[in-house]
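The values are calculated or read from the model by the stated rules, or taken from the named source; none is laboratory data. Here the structure is a predicted model, which means the values were calculated and not measured. These accessible areas exclude ligands, DNA and RNA; they are computed on the full protein's heavy atoms, side chains included. Shrake-Rupley method; radii C 1.70, N 1.55, O 1.52, S 1.80 Å.
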Amino acid sequence: MSDTDITVIKNNAEKQQQASGDHAAAGGADAAKPAHELDSKFGWLVVFGSFFSLMLSIGTTTTYGIYLQEYKLVEFPNASSSFLSWIGTLQFVMMCFFGIGVSVLCERVDTRILSGIGAL
């Protein structure tokens, strides 16, 4: 590279810095602020909402043994345990299978809307 090439590159970099500085100055103090503060009430609501959503979806799958005992003793006393275990297996398989489609929807639609629909 010649000295003129280096000078042109430096001048272009300086112009870009000035343009970005002018853009931030035009926006005022709000231009540098994030959309939501890091430790805001909204952030904690998202954390607790995510916790409860995962607790309900994954928790019911992992605690199936409690339900199996109820099914075996009260609901279906004549059914074998291996037959009743298909209930929990199908529950887990459906959660994983539908998770593929829901993850695609989460990319295209707001997650809050999908969680609300799922709550119904």
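Heavy atoms only, probe 1.4 Å: what % of the accessible area of region 44-120 goes to carbon and sulfur, would you let me know? Could you put the intermediate results ahead of the total?
Values: 4630 of 6290 Å².
Carbon with sulfur: 74 percent of the solvent-accessible area.
Shown in residue order for region 53-67 are the 3J(HN,Hα) couplings computed by the Karplus curve 6.51 cos²θ - 1.76 cosθ + 1.60 at θ = phi - 60°: 5, 5, 4, 6, 7, 7, x, 5, 6, 7, 9, 4, x, 5, 5 Hz (x for Gly and Pro).
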